[in-house]
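The values are calculated or read from the model by the stated rules, or taken from the named source; none is laboratory data. What you see is a predicted model; the values in this text were computed from it and never measured. In this analysis, Cβ positions are derived from the backbone assuming ideal geometry, glycine residues included, and neighbour counts consider all displayed protein chains. For the accessible areas, the whole protein counts, side chains as well, though only heavy atoms, and no ligand, DNA or RNA atoms are used. Shrake-Rupley method; radii C 1.70, N 1.55, O 1.52, S 1.80 Å.
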Amino acid sequence: MAAFFDPRRAAGRSLNEYQVIQLLGDGNFSDIEDFEDDDDEIQPSTFENLQLDDPEPEPQLSVAPEPEPMQDTPGPSQLTPRPRSLRPPSRKRVWKQVPFDDCSHDYAPLPVTPVRTPMEYFSDYFNREFFDEIARCTNMYHHRKTGLELKLTTVEVARVFSIHIIIGCIPYPRVPMYWRGGIKLDIITQQMARDRFLTVRNALHIVDADEAPPSNSNNPLWKVQPMIDRLKLACNKLETVPGFYSIDEQMVPFTGRCVLRQVVRNKPRPVGLKNFVLTSSEGLMLDFDIYRGAKTMFADTSLGLGASVVLHLVKSVPPGSCVYHDRYFTTVPLIEEMTKRNLHSTGTIMFNRIPDRTAIKFKPDARMARGESQQYVCGPTVVVKWKDNKSVLMASNCTGSSSSSIVKRWEKHLKMYVDVPVPKVVEHYNQHMGGVDVLDQQMEYYRTFIKTKKWTLKVLIHFLDLAIVNSWRLYRNDCMANKLSRREILPLLDFRMNIADGLSSLPARNRPSTSNIENEPPLDENESPLPKRQYRPANKPSESKWYDGYEHFPVFDEIKAPRMCRYENCTSRTKVRCTKCDTYLCIARGKECFKSYHTRG
């Protein structure tokens with residue numbers, strides 16, 4: 001324990017900086033060991049390397065009595081600037097146990113939009129131009145590395161993505177098993193040969209460079225940045241209205257070598273790249289940003305890294321919305337900043353992140369009854385503690401502990417269910433916080449698992465699955481808005497297979513806009529047509545293949561018995577088959593089943 005400075009003992013000798021600060025009465029260092037660290041931004045070890053521009057000021061130390069002035073006291077010009085840790089806080093927060101006025105959460109629904117085909121939803125994220133760029137970059141990379149021409153086409157790139165989608169739906173332990181005799185899958189083997197698929201996948205590139213360009217020299221994700229930008233652009237174009245949104249972490253699974261690989265405990269897949277995601281309460285992704293360590297550039301880091309992530313992602317949220325986040329992000333300064341931006345904010349919080357908390361006197365957990373709650377209010381922020389099996393601490397600027405609802409809990413001693421009151425802030429948090437968890441759950445259903453040492457390929461496949469799940473969520477919302485029955489809405493598995501079917505049948509060139517088909521350029525010589533196969537009862541093709549109006553050629557099959565025409569209103573039999581749809585249709589005088597079948601409406 002440091003002793004007080006006695007000016008009478010200092011006669012005839014100079015003073016050091018420590019003694020000058022004591023003499024001027026700037027702080028009482030006798031209590032320095034009892035001072036409690038009140039840092040508002042306690043972050044995980046992964047954020048230790050990032051330097052903050054303006055950290056949260058610490059509480060002011062108690063002031064000692066000012067001693068009598070001395071003749072040999074240095075002047076103000078001789079003193080060094082006061083340390084940041086000793087500067088007084090900008091303002092002191094006063095917490096009181098007073099009622100809190102809840103804000104209303106009556107939000108209007110999204111406008112109704114017509115339902116589109118699965119391939120049209122997917123094309124909002126990755127279209128033909130994107131596949132053209134991948135084919136060009138992959139050919140250039142393979143030629144630089146091997147000196148050989150890969151001659152990769154846009155159609156083959158689409159088929160590679162289609163095969164990966166099917167692999168997620170029908171998993172095999174190893175990729176070559178999809179081509180092994182006896183257990184091979186025709187929907188994969190008919191698209192591409194095994195060696196061709198492995199060669200293309202190993203050479204897959206979306207940037208035409210071996211080193212990072214000067215504009216992306218500090219970006220470790222520059223090899224996959226075009227795909228990230230395209231996905232973010234499509235998400236930012238989604239129409240949003242004031243509503244409920246959630247922010248949480250998402251992991252891109254990868255256990256190989258990567259400078260961005262992290263380990264986040266208590267996650268279903270703890271090893272991989274960390275991705276901060278903003279979703280609606282239903283699970284529709286609106287924005288995201290991959291964590292890049294100390295090189296993660298957010299607009300404002302003065303409130304800490306957790307708060308900077310929230311402030312960076314809420315740029316896509318309309319004013320008046322309510323954003324939910326967990327204790328990894330929540331701080332009192334963040335909630336106050338969200339209030340200034342006309343946004344509601346709610347999240348769990350750690351007690352040591354509450355500034356000026358000496359006035360907050362929560363009951364110990366042992367003295368609180370089940371269902372009991374307490375709240376303290378300071379300006380726009382309310383802090384609520386609620387006891388269930390364990391206690392939970394929450395902070396919000398829109399909802400307090402009033403208007404509690406009732407939930408059923410099992411009481412071990414009474415051996416029966418009892419009614420437990422729940423504060424409104426806890427009820428709303430449980431209802432709207434799980435958007436990112438819903439997104440992760442839907443991705444895990446049919447995630448494409450591949451064994452590779454290339455983290456870039458893992459990221460590409462992860463965002464491919466992410467785009468499909470987001471497309472399906474938007475498709476489902478449109479179906480529900482148009483009041484379609486549950487039987488008419490495609491489940492996620494059928495939606496994925498529909499997209500895979502559309503990619504596998506991508507035409508070698510765009511559909512002609514005029515009727516002058518004779519003047520079209522010939523097909524690419526390097527493009528191999530789909531191999532012929534024996535007839536079997538075919539499923540209904542996907543709409544993207546059905547109505548694309550391209551390469552639906554009729555052929556006459558030499559079969560003994562004619563097949564039933566697949567047109568809806570026809571009961572005739574025919575031997576004419578569409579080569580693309582693998583469907584038998586009538587072509588005869590007075591019958592236009594073939595044309596009517598391929599015409600929408």
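So the values come out like this:
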{"quantity": "Lone unmet requirement of (1) surrounded by 14 or more Cβ atoms within 10 Å (Cβ to Cβ); (2) hydrophobic (A, V, I, L, M, F, W, C); (3) over 14 Å from H598 (Cα atoms) for C581", "calculated": "(3)"}
{"quantity": "Conditions (1) assigned to a helix (DSSP H, G or I); (2) touching a strand residue (DSSP E or B) at 6+ places or on another chain (Cβ under 6 Å); (3) open to solvent by 10 Å² or more (accessible area, probe 1.4 Å); number of the one not met by K315", "calculated": "(2)"}
{"quantity": "Residues (in contact with a strand residue (DSSP E or B) (Cβ under 9 Å, 6 or more places away or on another chain), surrounded by fewer than 18 Cβ atoms within 10 Å (Cβ to Cβ) and part of a loop (DSSP other than H, G, I, E, B)) located in the range 241-268", "calculated": "T255, R261, V264, K267, P268"}
{"quantity": "S528 being within 30 Å of P171 (Cβ to Cβ), touching a Leu at 6+ places or on another chain (Cβ under 9 Å) and either open to solvent by less than 80 Å² (accessible area, probe 1.4 Å) or at pLDDT 70 or above (or both)", "calculated": "no"}
{"quantity": "Residue in the range 323-334 that is open to solvent by less than 30 Å² (accessible area, probe 1.4 Å), part of a loop (DSSP other than H, G, I, E, B), farther than 19 Å from D437 by Cβ and of a type outside the set (G, A, S) present", "calculated": "yes"}
{"quantity": "Residue match in the range 414-430 (condition: polar (S, T, N, Q) and either in contact (Cβ under 8 Å) with a residue 12 or more places away in the chain or touching a helix residue (DSSP H, G or I) at 6+ places or on another chain (Cβ under 6 Å) (or both))", "calculated": "no"}
{"quantity": "Any hit, the range 115-130, residues being open to solvent by less than 40 Å² (accessible area, probe 1.4 Å) and of a type in the set (S, T, N, Q)", "calculated": "yes"}
{"quantity": "When residues of the range 335-365 are limited to those that are charged (D, E, K, R) and not in a loop (DSSP other than H, G, I, E, B), the one farthest from the chain's Cα centre (by Cα)", "calculated": "D365"}
{"quantity": "Complete set of residues in the range 402-427 that are open to solvent by 30 Å² or more (accessible area, probe 1.4 Å) and outside any strand (DSSP E or B)", "calculated": "S402, S403, S404, K412, H413, L414, K415, K424, E427"}
{"quantity": "Candidate set: the range 546-574, residues that are basic (K, R) and surrounded by 15 or more Cβ atoms within 10 Å (Cβ to Cβ); chosen: the one farthest from E120 (Cα to Cα)", "calculated": "R563"}
{"quantity": "Only one of A234, A212 that is open to solvent by 30 Å² or more (accessible area, probe 1.4 Å) and among the small types (G, A, S)", "calculated": "A212"}
{"quantity": "The range 271-285, residues that are open to solvent by 10 Å² or more (accessible area, probe 1.4 Å) and within 11 Å of V436 (Cα to Cα)", "calculated": "S280, S281, E282, L284"}
{"quantity": "D287 being in contact with a helix residue (DSSP H, G or I) (Cβ under 9 Å, 6 or more places away or on another chain) and either under 20 Å from Y125 (Cα atoms) or of a type in the set (A, V, I, L, M, F, W, C) (or both)", "calculated": "yes"}
{"quantity": "Members of the range 173-197 that are part of a helix (DSSP H, G or I) and either on the phi > 0 side of the Ramachandran plot or not acidic (D, E) (or both)", "calculated": "V175, P176, M177, Y178, W179, I187, I188, T189, R194, R196, F197"}
{"quantity": "Positions within the range 339-373 being touching a strand residue (DSSP E or B) at 6+ places or on another chain (Cβ under 8 Å), of a type outside the set (A, V, I, L, M, F, W, C) and either under 25 Å from G434 (Cα atoms) or buried (at least 21 other Cβ atoms within 10 Å of the Cβ) (or both), in sequence order", "calculated": "T339, H344, S345, T346, G347, T348, R370, G371, E372, S373"}
